[in-house]
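Engineer: Below you'll find the structure I mean.
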There are 2 protein chains.
Amino acid sequence: MSHPHPELSTPPPPAANGLRIVALGGLGEIGRNMTVFEHAGRLLVVDCGVLFPETEQPGIDLILPDFEYIRDRLDDIEAVILTHGHEDHIGAVPYLLRERPDIPLVGSRLTLALLAAKLQEHRIRPVLREVKEGDRHGYGPFDVEFLAVNHSIPDALALAIRTPAGLVLATGDFKMDQLPLDGRLTDLPGFARLGAEGIDLLMSDSTNAEVPGFVTSERAIGPVVDEVFRTAEERLIVACFASHVHRVQQVLDAAVANGRKVCFVGRSMVRNMGVARELGYLDVPDEIMVDVKDLDTVPPDELVLICTGSQGEPMSALSRMAARDHQQIRITERDTVMLASSLIPGNETSVNRVINGLTRWGARVVHKGNALVHVSGHASAGELLYVLNMTKPGNFMPIHGEWRHLRAHAKLAAQTGVPEENIVIAEDGVVVDLVDGQAKIVGAVPAGYVYVDGLSVGEVTETSLKDRRILGEEGFVSIVVGIDSTSGKLVAGPEIHARGAGIVNEDFDAIIDRLEDALRDAAANGVNDHHQINQVIRRTVGKWVSDNYRRRPMIIPVVVEV
Amino acid sequence: MSHPHPELSTPPPPAANGLRIVALGGLGEIGRNMTVFEHAGRLLVVDCGVLFPETEQPGIDLILPDFEYIRDRLDDIEAVILTHGHEDHIGAVPYLLRERPDIPLVGSRLTLALLAAKLQEHRIRPVLREVKEGDRHGYGPFDVEFLAVNHSIPDALALAIRTPAGLVLATGDFKMDQLPLDGRLTDLPGFARLGAEGIDLLMSDSTNAEVPGFVTSERAIGPVVDEVFRTAEERLIVACFASHVHRVQQVLDAAVANGRKVCFVGRSMVRNMGVARELGYLDVPDEIMVDVKDLDTVPPDELVLICTGSQGEPMSALSRMAARDHQQIRITERDTVMLASSLIPGNETSVNRVINGLTRWGARVVHKGNALVHVSGHASAGELLYVLNMTKPGNFMPIHGEWRHLRAHAKLAAQTGVPEENIVIAEDGVVVDLVDGQAKIVGAVPAGYVYVDGLSVGEVTETSLKDRRILGEEGFVSIVVGIDSTSGKLVAGPEIHARGAGIVNEDFDAIIDRLEDALRDAAANGVNDHHQINQVIRRTVGKWVSDNYRRRPMIIPVVVEV
């Protein structure tokens, strides 16, 4: 089993008859999926998503793949294929199109509609190429066949990519619900046919590779939702992902069956469900819909709100309700709240806070911890074994997962008989070449995080984040001194201010004298350049804070020449 | 069911024949347990623990209960009774003793030994009063009987507190393992006897009130640990809590059975296991112990390391191993790591990071997600029902839990027949009076967070934390100007510096002119006091940053008079 080493370096030029595969995101993490395929000097990009920041990336809005690897070769890109419409697969497209707006975007109907709505907000008019399962199209030297897969959003696709280097099956995100609500099954017969043809490399979704067994059908949620509707005392509030059309459909069906009116709350929920409804993916009788501004006209026991915020996002309507901070909606003990979604790793604390907040006001909270109101969108180990056994790949590369998931999936592949030397565990930036039927790691390219913060992309660096972490943990102390530009003597200040350091300004009286002494000594010893004066200030104040408070705030000397 | 309202205010004086109960921690949160009982002007404190900070309390080391409520009445305290030796029950004792060092501390043998070791580090010589199950002692007007309870640390106690106001049973933390490793069962016959006598108020551990069914016996972990020992390729590393004597004992037993030597790693693990061993709570053959400095002398397949870090604490040995940042221990694919502990809510992300880190280097990681290597220390709903039914309390107050747990436990009490009007859900600071057999909420007192940061206690305020959060998310921009003290004219600067704001210093060239103009205009309009000049700077720079970067760093004007 090959896996990357820290000493991996720039790869050799690609072999003429080979296929080069570089993931710029999605390997070693769940998010910002983006894979670049290269053959005969041309590029095919599969997915272009975002990663959501964690606490060690404070203040960051989004994390993008680093486009540096392809920045000089944007004109070589034949197309970007989007496997489905989730943010971690399409969210970075607007940023890639800023660099070359006319890259053809390929995807299914719903995927492109969700992408178009997003691009419209970015004021980009894209080149869209709609495809569907069963289609087969050429993009330069890449011959791509599209296969249906079932996932937690409709209209997802797997890709069979053929080049002279061989046949690659990339599953995209998928599961294998055998009774899907829309009847659209993961195309296992298609996978089997490709297996018979000979799959040189299988790239398969690893998210749930650690989870034994099989994912319960989405259909199983219906009766539970119905039961919650029947037992809700008054108002019902359902939070789920704004892209989970089938989940929302089940709530709508229950609303119809139980005579409740429905109100969509939140920008992304309103936008996505509008798109889904327009394209016929969502079936909503007009007469049950209520606009948020008309909420007061409906008695609470005839109402269901469908909103986002199921991950405890601090600014979401649901979080504001939980904190009794929402203008229209005041939670009471007659309310029932259903969190009909997964709990994405990293969001446990914020979801717990929402549940506690709602519970504090007496609401009944139904969530995946106490009822079957969620099933995963990703195939479990049992299902992944089916895929491995039906496709019999020559080489295997687990994708879409953290290290624990990639390793677990690699182990499953080995158990089904894929030879160890043909299993490639790569991480972001690792270069994998498929040549003469053998996949192997040949080097690595940069694939670091690119941060979006406000309007800037890539300007907030790891250094900024390190500063933020220090400032956020310890605060700062700033010391301003005015120095005579010729004599180097102190003529104004020191003025000392602290924020977030847990030191009140009066406390600094104790250090002013000592600091003046230190500066006088320094001037007497001929110290007069800013850098050296800064050092004197930093040392004197830093030591005093450390001795007296055992803390290490950022010490910021500012020397002003007068 | 009564529960606190935001408008709760200062309570009336306590009734002469009543018992007043005020939790200063532990209600509405899991941690810093501390309850003050008052009768006839005297106080009895039960537990005095710490809460560990979450991400919204950046830089904080510990959170204490606010002692303000009892600060003027320290001499009225008859004793502090510690139910068991966990940090969330004993951790704040050193800080309380700073205010009155001679408060008698009452607890079982192991509890007091762990507390004494902690107090020694704080250089405090306490007054210790050892008790054991079956004992009954008077502390002023409080007649306290001690009962054995089983928990995830040996020697835990429940308390039956008798005053003329009635009989209160406070369970402390407990579970009801029916086959405990030390044979020490939760004293259900004792609970039943008290029930027959007539319990006026039951205060019972709510941590697992949402979890249906029963907790598996600690004993069930033994065979799993043994299996991990037998299948470990080479080195074995076990992480668990430094207080979980029974869990460590099972690892030691497996080490003996499998011929491995044992090394304790980490200060708290070495200290606590030393105490437990000395007092006979832990059985360790001398000949299997290895000191950490002699690790190299033992072949990896004959070694087990027992360390802390099971919660992904960033500075722990385990986290450093996962990041390949540990001096002595370099993880390889021949290592097996077992996380034999719970995953405390809030630590999910850091534990996931540790698992991914270890997995990246190829280690096999056994954890509660893939093997039975942990059982909870707290009774589940099934067990809580037993306690409610056996004690038949006149009133019920759920303790030790977040809102979701308190509500769930209250519901269990109602289901067993406790009348709704006799169930009191309180949160920290809520004042509950038990008078004439009826418990009710009569007011509230301050019970906010007291932060320990470095050497300071209570000096870091919510304002400091708010500053830290802004600084941590957005960084800051500081603008220093030198102003002529008489004319108000700009004579030095503006000097602009940013940290963590994602703005490089050169970018500010664009704003310098505009800022100089604004300051000149202000001076021309007679603006010369610092406050107004600050406002001009803040407005000008803040708007520019917002327009150009759509960010809101802290803007810090510094005006130096020259």
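Engineer: Being open to solvent by 70 Å² or more (accessible area, probe 1.4 Å) and of a type in the set (A, V, I, L, M, F, W, C) is the requirement here; does B:MET321 meet it?
Structural biologist: Criteria not met by B:MET321.
Engineer: So which residues in region A:34-52 are under 17 Å from A:LEU167 (Cα atoms) and part of a strand (DSSP E or B)?
Structural biologist: Listed by number, the residues that qualify are A:THR35, A:VAL36, A:PHE37, A:GLU38, A:HIS39, A:ARG42, A:LEU43, A:LEU44, A:VAL45, A:VAL46.
Engineer: Filter region A:406-440 down to the residues that are open to solvent by 20 Å² or more (accessible area, probe 1.4 Å), away from chain B (no Cβ under 14 Å) and not in a strand (DSSP E or B), then identify the one that is farthest from A:GLU210 (Cα to Cα).
Structural biologist: Among residues in region A:406-440 that are open to solvent by 20 Å² or more (accessible area, probe 1.4 Å), away from chain B (no Cβ under 14 Å) and not in a strand (DSSP E or B), the one farthest from A:GLU210 (Cα to Cα) is A:ASP436.
Engineer: Restricting region A:517-531 to residues that are in a helix (DSSP H, G or I) and open to solvent by 50 Å² or more (accessible area, probe 1.4 Å), which is nearest to the other protein chains (Cβ to nearest Cβ)?
Structural biologist: This residue is A:HIS530.
Engineer: I need a count of the residues in region A:503-516 that are within 42 Å of the chain's Cα centre (by Cα) and surrounded by 16 or more Cβ atoms within 10 Å (Cβ to Cβ).
Structural biologist: Here the count works out to 1.
Engineer: Still on this structure: Collect the residues in region B:311-329 that are touching a residue at least 40 places away in the same chain (Cβ under 8 Å) and either within 13 Å of chain A (Cβ to nearest Cβ) or polar (S, T, N, Q) (or both), keeping them in residue-number order.
Structural biologist: B:GLN311, B:GLY312, B:SER316
Engineer: What are the residues in region A:200-214 that are surrounded by fewer than 21 Cβ atoms within 10 Å (Cβ to Cβ) and away from chain B (no Cβ under 14 Å), if any?
Structural biologist: Across region A:200-214, the qualifying residue is only A:PHE214.
Engineer: Still on this model: Determine whether A:LEU318 is outside any loop (DSSP other than H, G, I, E, B), in the same structural domain as A:ASP296 (by TED's automatic domain parsing) and among the hydrophobic types (A, V, I, L, M, F, W, C).
Structural biologist: Answer is yes for this residue.
Engineer: Oh, and also: Would you check if there is a residue in region B:225-239 being aliphatic (A, V, I, L, M), open to solvent by 10 Å² or more (accessible area, probe 1.4 Å) and either assigned to a helix (DSSP H, G or I) or more than 23 Å from B:GLU302 (Cβ to Cβ) (or both)?
Structural biologist: Among the residues of region B:225-239, not one is aliphatic (A, V, I, L, M), open to solvent by 10 Å² or more (accessible area, probe 1.4 Å) and either assigned to a helix (DSSP H, G or I) or more than 23 Å from B:GLU302 (Cβ to Cβ) (or both), which makes the answer no.
Engineer: So is B:ASN389 open to solvent by 40 Å² or more (accessible area, probe 1.4 Å), over 22 Å from B:ALA165 (Cβ atoms) and more than 12 Å from chain A (Cβ to nearest Cβ) or not?
Structural biologist: Here the answer is yes, as B:ASN389 does meet what is asked.
Engineer: Step by step: first the residues of region B:335-346, then only those that are within 13 Å of chain A (Cβ to nearest Cβ) and of a type outside the set (Val, Ile, Thr), then the one that is farthest from B:GLN249 (Cα to Cα). Which residue is that?
Structural biologist: B:GLY346
Engineer: Exactly one condition in (1) open to solvent by 10 Å² or more (accessible area, probe 1.4 Å); (2) at pLDDT 95 or above; (3) not β-branched (Val, Ile, Thr) is not met by A:ALA117; state its number.
Structural biologist: (2)
Engineer: For region B:378-405, how many residues meet the condition of being touching a Phe, Trp or Tyr at 6+ places or on another chain (Cβ under 7 Å) and part of a helix (DSSP H, G or I)?
Structural biologist: Within region B:378-405, residues that are touching a Phe, Trp or Tyr at 6+ places or on another chain (Cβ under 7 Å) and part of a helix (DSSP H, G or I) number 5.
Engineer: What are the pairs, 6+ residues apart or on separate chains, where a residue within region B:386-400 that is at pLDDT below 95 has its Cβ under 8 Å from a residue that is crowded, with 22+ Cβ neighbours inside 10 Å and in a strand (DSSP E or B)?
Structural biologist: none
Engineer: Another one. Evaluate the following for A:GLY475: is it touching a Lys or Arg at 6+ places or on another chain (Cβ under 8 Å), of a type outside the set (D, E, K, R) and either assigned by TED's automatic domain parsing to the domain that holds A:SER546 or under 13 Å from A:GLY542 (Cα atoms) (or both)?
Structural biologist: Against the criterion (touching a Lys or Arg at 6+ places or on another chain (Cβ under 8 Å), of a type outside the set (D, E, K, R) and either assigned by TED's automatic domain parsing to the domain that holds A:SER546 or under 13 Å from A:GLY542 (Cα atoms) (or both)), A:GLY475 qualifies.
Engineer: Check B:VAL265 against each of (1) more than 25 Å from B:GLY346 (Cβ to Cβ); (2) within 23 Å of the chain's Cα centre (by Cα) and name the one condition it does not meet.
Structural biologist: Evaluating B:VAL265 over (1) more than 25 Å from B:GLY346 (Cβ to Cβ); (2) within 23 Å of the chain's Cα centre (by Cα) leaves (1) as the failure.
Engineer: I'm trying to understand the selection: among the residues of region B:78-93, which are of a type outside the set (S, T, N, Q) and out of contact with any Cys (no Cβ under 9 Å at 6 or more places or on another chain)?
Structural biologist: Selection gives B:GLU78, B:ALA79, B:ILE81, B:HIS84, B:GLY85, B:HIS86, B:GLU87, B:ASP88.
Engineer: Being at pLDDT 90 or above and in contact with a Leu (Cβ under 6 Å, 6 or more places away or on another chain) is the requirement here; does A:ALA322 meet it?
Structural biologist: Taking the combined requirement at face value, the residue satisfies it.
Engineer: With the structure loaded, tell me whether A:VAL375 is assigned to a loop (DSSP other than H, G, I, E, B) and away from chain B (no Cβ under 14 Å) or whether it fails that test.
Structural biologist: yes
Engineer: Check B:PRO154, B:PRO180 and return the single one that is closer than 15 Å to B:ARG109 by Cβ, open to solvent by less than 50 Å² (accessible area, probe 1.4 Å) and not in a strand (DSSP E or B).
Structural biologist: Only one candidate passes the filter, namely B:PRO154.
Engineer: Scanning for something touching a Phe, Trp or Tyr at 6+ places or on another chain (Cβ under 6 Å), crowded, with 24+ Cβ neighbours inside 10 Å and in the same structural domain as A:VAL127 (by TED's automatic domain parsing), does region A:26-41 turn up at least one residue?
Structural biologist: no
Engineer: Now for a separate question. Quick one: count up the residues across region B:199-251 that are of a type in the set (D, E, K, R) and within 22 Å of B:THR111 (Cα to Cα).
Structural biologist: Qualifying residue count, region B:199-251: 3.
Engineer: Can you tell me which residues in region B:67-95 are in contact with a strand residue (DSSP E or B) (Cβ under 9 Å, 6 or more places away or on another chain) and within 17 Å of B:ARG129 (Cα to Cα)?
Structural biologist: B:ILE77, B:GLU78, B:ALA79, B:VAL80, B:ILE81, B:LEU82, B:THR83, B:HIS84, B:GLY85, B:HIS89, B:ILE90, B:VAL93
Engineer: Do you know which of the residues in region B:394-405 that are surrounded by 24 or more Cβ atoms within 10 Å (Cβ to Cβ) and within 21 Å of B:ARG20 (Cα to Cα) is nearest to the other protein chains (Cβ to nearest Cβ)?
Structural biologist: B:GLY401
Engineer: Determine whether A:VAL541 is touching a residue at least 60 places away in the same chain (Cβ under 8 Å), open to solvent by less than 60 Å² (accessible area, probe 1.4 Å), on the phi < 0 side of the Ramachandran plot and at the interface with chain B (Cβ under 9 Å from one of its Cβ atoms).
Structural biologist: no
Engineer: When you go through B:THR359, B:THR332, B:THR349 one by one, which is the residue that is in a loop (DSSP other than H, G, I, E, B), within 14 Å of another protein chain (Cβ to nearest Cβ) and farther than 30 Å from B:ASP200 by Cβ?
Structural biologist: It is B:THR332.
Engineer: Pairs under 8 Å by beta carbon, first residue over 21 Å from B:GLU462 (Cα atoms) and free of Cβ contacts under 8 Å to residues at least 60 places away in the same chain in region A:455-484, partner part of a helix (DSSP H, G or I) and not aliphatic (A, V, I, L, M), six or more apart or different chains?
Structural biologist: That search, which allows pairs on different chains as well, returns A:LEU455/B:ASN548; A:LEU455/B:TYR549; A:SER456/B:TYR549.
Engineer: While we're looking at this one, here's another question. Taking strands (runs of 3 or more DSSP E) that fall entirely within region A:441-501, which contain at least 1 residues that are within 30 Å of A:VAL431 (Cβ to Cβ), open to solvent by 10 Å² or more (accessible area, probe 1.4 Å) and at the interface with another protein chain (Cβ under 7 Å from one of its Cβ atoms)?
Structural biologist: Of the strands (runs of 3 or more DSSP E) lying wholly inside region A:441-501, none has at least 1 residues that are within 30 Å of A:VAL431 (Cβ to Cβ), open to solvent by 10 Å² or more (accessible area, probe 1.4 Å) and at the interface with another protein chain (Cβ under 7 Å from one of its Cβ atoms).
The values are calculated or read from the model by the stated rules, or taken from the named source; none is laboratory data. The model shown is predicted, which means the values in this text are computed figures rather than measured ones. Methodologically, a virtual Cβ is constructed for each residue, glycine included, from the backbone with ideal geometry; neighbour enumeration extends over all protein chains shown. Calculation scope for accessible area: heavy atoms of the full protein, side chains included, ligands and nucleic acids excluded. Shrake-Rupley method; radii C 1.70, N 1.55, O 1.52, S 1.80 Å.
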